[in-house]
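**Q** Pasting a structure here, questions to come.
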Amino acid sequence: MSKYTEDDLREELKTKEYEYGFYTDIASDTFPIGLNEDIVRAISLKKGEPEWMTNWRLEAFKAWKEMTEPEWANVNYVKPDFQAISYYSAPNSKPKYDSLDEVDPELLATFAKLGISLDEQKKLTGVAMDVVVDSVSVATSFKKTLGEKGIIFCSISEAIKEHPELVKKYIGTIVPQRDNFYAALNSAVFSDGSFCYIPKGVRCPMELSTYFRINQAGTGQFERTLLIADEGSYVSYLEGCTAPSRDENQLHAAVVELIALDDAEIKYSTVQNWYPGNSEGKGGVYNFVTKRGLCEKNAKISWTQVETGSAVTWKYPSCVLKGDNSVGEFYSIAVTNNFQQADTGTKMVHLGKNTKSTIISKGISAGKSQNSYRGLVKISPNADNARNFSQCDSLLMGNECGAHTFPYIEAKNKTAKIEHEATTSKIGEDQIFYCNQRGIDTEKAIALIVNGFSKDVLNKLPMEFAVEAQKLLEISLEGSVG
Amino acid sequence: MLKIENLHASVEDKGILKGINLEIKAGEVHAIMGPNGSGKSTLASVIAGKEEYEVTKGNIVFNGEDIEDLAAEERAHKGIFLSFQYPVEIPGVSVTNFMKTAINETRKAKGLEDMPAKDMLKLIREKSELLEIDRKFLSRSLNEGFSGGEKKRNEIFQMAMLEPQLAILDETDSGLDIDALRIVANGVNKLKSKDNAVLVITHYQRLLDYIVPDFVHVLYNGRIVKSGGKELAHELEEKGYDWIKEEVNA
């Protein structure tokens, strides 16, 4: 036996303590379940926020306490117990798995179909990565290019600290704290999200994607996005990922606010593929999102979304066309399969003169799912010569699913021109047989028909995103026709 | 090439084909005629493999292989083509995209790579010239808003692209005026060779003035009750189908 000195003992205790301390530190970074003022304060404190932000959160929390969960959507689910959720969990720095072999093979098969690279697969599933140099360097050069143009693109937590004047000026101006139940909840407890500012007259030279954002891990279930396009600027922003997102958090309540100042244009594209639950309808994410944009004079906002995931979706990306000659667009594909339920659409609020809006909604229902389009076109008394064109098409697969359309129109100005078209069709056995006879098997035939049906919207997506979205549609509907 | 033996088929338990025997060799043109409801279109669908039809007895042998258990797409891969009486619309899918998918799926089934885009373009150019089809037409959504004549020409264009061994033309003449009929028939004639075969299904003789058959068969009540040369078609045109019915029922 070698001698064991006091010094050795001290040394060992030191390292042990460090290890232990480090570990407990992480463990204690998840808050106890439940929601009260103290929790809201604690979240703000954890994030090192200034007092105005803490107060803003507290105001939201007060409002939320007085509100009740809305029930008007055409969806059925067990309401979440808001006191049974933990509202803060620090980003987990520990890898979930040591190698890809430990990851659910079904998930990996899906990745392969989507053509996602091995490195990306590791990143998405939370496997420890040896080679991070690539993505870091990409992100760094990316940041440099943006910085040269004066574009700010960072997490909202960072923005609150680094650019408080911008956040303070705009946050909650488009979606106020008390806007609705989930927006109020989000305002009180939002964990993180993205912030983007494009200076006057700047055309953002690349598609901004959350994928490239440094420090993106663990944005959590209450995401908050604020995007400001200053006068005469342009930005195309991509949100989400076609890769399936499995998340233990059942409830997701995000808020997105867009501000397009005079002559600015924002193109906001989303691909949402949250876990939809299994084929029996167990599990799956509840996605209650508030997305709204404001257009000043001559400004334009386009929302394009491909929604394939989530067990329950409740989402209405909207445009407030405040400035004269402003333009709002909404292009949407919503796919529901198995027991999924989606109630999605848009609101176009015409306030300014000569404002124009276009709505193209494509709903695809399969299995036992329910797919609803809900849209409001509102023309205020001062909105002379406002125009809207809406087209809502539904495609049904099988006999057990449902498609519903709830268009609301409020026109308070006689000069308004509003057009609404709606169709419902079913993938027919005749169409399938026709494809079969040309050598195309049933699975591929459905993909072809669905892609044809969705073409008007897919065309609005940035090129690479469109290709991925197309593959995603195929995968989402796999096995939906027996 | 195709040999049908004692074929019985039914849909929803109702017997429609009641013992068909037919042999078609490479290089031949056969016509199947018959009154409405005699089972002509059913025969076309059964050969092509439409699922709703159940083969209850007999065999369909294509190039020496029993095919009645194969899926419709597998039969297509082996070279069976059906020109539909009522081609369906597929909105948002262009004729070109549809053909590209069909050709590449067939190639995939044979273990081949996708056809290179350059070759695909060349093939499309070649075949659309052969059939005098305006190429603007090929970017339109499949059959959506097509006139009757356009739909049938599109069917023949697809046949040209897929180069089947056996082409079944199901009532290709229905809904066509005489000019459109001539164009479609010319297309078929240009595609005919000693290696392929055509089965024309028609109610009227007029198509057979343009696509001249080697054999004419009369289908009545689920059976081929009379076979002959092209002159049989003329006889039917003159006398109608009643004398056949009487002969059978006698």
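The values are calculated or read from the model by the stated rules, or taken from the named source; none is laboratory data. Note that this is a predicted model, so its numbers are computed, not measured. Don't worry about glycine lacking a Cβ; one is built from the backbone with ideal geometry, like all the others, and counts go over all protein chains shown. Remember, those area values only see protein heavy atoms, side chains included, never the ligands or the DNA or RNA. Shrake-Rupley method; radii C 1.70, N 1.55, O 1.52, S 1.80 Å.
**Q** In debye, nearest 20: dipole of the range B:146-250 around its Cα centre with unit charges on the Cβ of K, R (+) and D, E (-)?
**A** 260 debye
**Q** What is the sum of charges around B:Leu131, taking Lys and Arg as +1, Asp and Glu as -1, for the other residues whose C-beta is under 15 Å from the C-beta of B:Leu131?
**A** Within the 15 Å Cβ shell, the charges total +2.
**Q** Stretched out fully, how many nm does the piece from A:Asp430 to A:Asp38 gain, at 0.36 nm a residue minus the Cα gap?
**A** Numbers: separation 392, 0.36 × 392 = 141.12 nm, distance 6.19 nm.
This chain segment gains 134.9 nm when fully extended.
**Q** How tilted is helix B:117-130 with respect to the longest principal axis of chain B? Cα atoms for both, answer in degrees (0 to 90, nearest 10).
**A** 50 degrees
**Q** With N set to the number of residues, divide the alpha-carbon radius of gyration of the range B:151-250 by 2.2 N^0.38 Å and report two decimals.
**A** For the range B:151-250, the normalised Cα radius of gyration is 1.14.
**Q** I would also like to ask the following. Quick one: pull the percentage of alpha-carbon pairs in the range A:274-416 with a separation above 20 Å.
**A** Details: 4753 of 10153 pairs.
Roughly 47 percent, rounded to a whole number.
**Q** Here is a further query. Sort out for me the Cα centre separation of the range B:41-108 from the range A:257-315, rounded to whole Å.
**A** So the two Cα centres are separated by 41 Å.
**Q** Can you give the average number of partner chain beta-carbon atoms within 10 Å of each beta-carbon in peptide B:95-103, as a whole number?
**A** If you average over the peptide's residues, the count of other-chain Cβ atoms is 3.
**Q** Show me A:279-292, A:311-324 ranked by packing, highest mean number of other Cβ atoms within 10 Å first.
**A** The most tightly packed comes first, giving A:311-324, A:279-292.
**Q** Hey, any idea what the orientation-averaged projected area of the convex hull of the range A:356-482's Cα atoms comes to, in nm²?
**A** Numbers: hull surface 36.0 nm².
Its average projected convex-hull area is 9.0 nm².
**Q** Calculate how steeply helix B:148-162 sits against the longest principal axis of the alpha-carbon atoms of chain B, using the helix alpha-carbon long axis, and give the answer as 0 to 90 degrees to the nearest 10.
**A** Once rounded, the angle reads 70 degrees.
**Q** Gap in Å between the Cα centre of the range A:415-482 and the Cα centre of the range B:201-250?
**A** 43 Å
**Q** Additional query: Show me, bin by bin at 20 Å from 0, the whole-percent P(r) of the range A:152-476 based on Cα pairs.
**A** 32, 58, 10, 0
**Q** Counting only the backbone N, which residues of the range A:442-462 are under 20 Å from the spot 7 Å out from the Cα of B:Asp114 toward its beta-carbon?
**A** Within reach of a label on B:Asp114, which here means backbone N under 20 Å from a point 7 Å along Cα→Cβ, the range A:442-462 contributes A:442-456, A:458-462.
**Q** Under a 1.4 Å probe, what is the accessible area of the range A:333-482 per residue, stated in Å²?
**A** In whole numbers, the range A:333-482 has 41 Å² accessible per residue.
**Q** For the pairs B:Lys25/B:Lys136; A:Lys291/A:Lys460; A:Lys417/A:Lys460; A:Lys471/B:Lys50; B:Lys57/B:Lys239, flag any whose C-alpha to C-alpha distance is greater than 26 Å.
**A** From B:Lys25/B:Lys136; A:Lys291/A:Lys460; A:Lys417/A:Lys460; A:Lys471/B:Lys50; B:Lys57/B:Lys239, over 26 Å: B:Lys25/B:Lys136; A:Lys471/B:Lys50; B:Lys57/B:Lys239.
**Q** So what's the range B:2-249 giving for Cα Rg divided by 2.2 N^0.38 Å, two decimals?
**A** Compared with the compact-globule rule of thumb, the range B:2-249 sits at 1.01.
**Q** In peptide B:74-83, what is the residue-averaged number of other protein chain Cβ atoms found within 10 Å of each Cβ?
**A** Mean inter-chain Cβ contacts per residue within 10 Å come to 3.
**Q** Let me ask another. Which net charge results for the neighbourhood of A:Thr405, defined as the other residues with beta-carbon distances under 10 angstrom from its beta-carbon, given Lys and Arg at +1 and Asp and Glu at -1?
**A** Value of the local net charge: 0.
**Q** Quick one: Debye curve from the C-alpha atoms of the protein assembly as shown, no solvent, what's log10 I(q)/I(0) at q = 0.06, 0.08 Å⁻¹?
**A** Once normalised to I(0) and log-transformed, intensities are -0.49, -0.77.
**Q** When the expected Rg is taken as 2.2 N^0.38 Å, what fraction or multiple of it is the alpha-carbon Rg of the range B:4-140?
**A** On the way: Rg = 17.6 Å, N = 137, 2.2 N^0.38 = 14.3 Å.
The range B:4-140 yields a ratio of 1.23.
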